[in-house]
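In what follows, a structure is listed as structure tokens, so that the remarks can point back to it.
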Amino acid sequence: MTEFGFIDHIARRFADLPGNGFEGIGDDCAVFPFGGGEALLFTADLLTEGVHFLRAATSARELGRKALAVNLSDVAAMGARPVATLLSLSLPADAAGEWAAEFMEGYREFSAEFGAALIGGDTTRSEAGITINVTAIGRAPETHVKRRSAARPGDAIFVAGELGASGAGLREIFAGRLDAPTAVVHRNPRPQVAEGLWLGARREVHAMMDLSDGLASDIRHILDRSGVGARIEVERIPVASGADLRTAACGGEDYKLLFTADARQADRLAADFRTAFGAPLHPIGRITDGGGLVWLRDGVPAELDWQGFTHY
Ligand code: ADP
Ligand code: MG
């Protein structure tokens, strides 16, 4: 079974159990409206040594920041403000001392910067490698929550930053060039927390998610859940310095926001975003009635075997 096949299996197998007011599996976070027009959002992510990181290639402090960043990105992806996290660590003896203290310094840095309280977790010994699990909790007015299922035909598709640096950096790390500029980007993801909150408050923004597995893979979640298609103009995909187009489309772990918005308001939205953040939004295509995902090169459909990235 693939990772997504397994998640589908889980979702189906548990669909008939009580939801207790939660909107569960399938989006970047689960959503729980708690009254007064507000919702809490919940998301969990796991980092495993040897799968998600190599201890020799990333510092403990960087990993502390990253463990939090990937979760805050999922909260931001739904237009919510991060409020708290739970942190569970499974540590082998050789990581239990100084390594763990440095990890917590990194975790503290991003907790302070993004305003998330650390409210609990668990700590155990490990026989084989470091495992880090973070659960993040966000809060938002219900009307600000942006779901993957809200894309509409005619919407403009945007990404809120350049893509591919992280994927290019991973290749540099595998080649032993740990200090290449893109490798530094790969080790230091920054969640678009302020951007996500800002986009959450804009009514013309419809569907939103964060790019963790790569545009080519992640956009399909919006299409599947919204029951729509998309046409993406490949020359409009913003390629980060040090990356190439294919890596920008297929590489993982950029943690930039991908969203759709009412096309009639797209220009003003982009102009306001630039005023707010001093950076552009990148329009890359349009949502269509159906027809799946079509890559356009010079306006003509192109057969590209572009797939996203998977750890599973
Ligand atoms: P993301 O990349 O945004 O973290 P994932 O692709 O990891 O999202 O997960 C997709 C959806 O499946 C999310 O709603 C997530 O909460 C859910 N999910 C993933 N793994 C499990 C699991 N083992 N049990 C229940 N839900 C899961
Ligand atoms: Mg996500």
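Annotations for the structure displayed:
- Here the label points at Thr275 and Thr124, each 7 Å from Cα along the C-beta direction, are separated by 5.3 nm in the simple model.
- Shape of the stretch 236-288, Cα gyration tensor, a/c cut at 1.5: oblate
- A straight chain from Asp298 to Asp8 at 0.36 nm per residue would run longer than the Cα-Cα distance by 100.8 nm.
- Placing +1 on the Cβ of every Lys and Arg and -1 on the Cβ of every Asp and Glu, with nothing else charged, gives the stretch 148-302 a dipole about its Cα centre of roughly 180 debye.
- Considering only the stretch 34-180, percent of DSSP beta bridges that pair antiparallel, nearest 5: 70
- Highest to lowest packing among 120-132, 248-260, 20-32, 138-150, scored as the average C-beta count within 10 Å: 248-260, 138-150, 20-32, 120-132
- Label-to-label distance, Ser149 versus Glu23, with points set 7 angstrom from Cα along the beta-carbon direction: 0.7 nm.
- Considering the chain at the alpha-carbon level, its Rg and Dmax are found to be 19.1, 58 Å.
- For the pair Ser241 and Leu46, the difference between a 0.36 nm per residue extended length and the Cα-Cα distance amounts to 67.4 nm.
- Kirkwood Rh and Cα Rg combined as Rg over Rh, evaluated for the stretch 168-277: 0.99
- Antiparallel bridges, percent of DSSP beta bridges restricted to the chain (to nearest 5): 75
- 3J(HN,Hα) along the stretch 47-64, derived from phi through the Karplus expression 6.51 cos²θ - 1.76 cosθ + 1.60 where θ = phi - 60°, amounts to 10, 10, 4, x, 10, 9, 7, 10, 4, 6, 10, 9, 7, 4, 5, 4, 5, x Hz, with x in place of Gly and Pro.
- Most to least packed among 196-205, 213-222, 73-82 [average Cβ atoms within 10 Å]: 73-82, 213-222, 196-205
A short reminder: the numbers here are calculations on the coordinates, not readings from a lab. Computed from a predicted model, the values in this text were never measured in an experiment. As a convention, Cβ positions derive from the backbone with ideal geometry for all residues, glycine included, and neighbour counts pool all protein chains shown.
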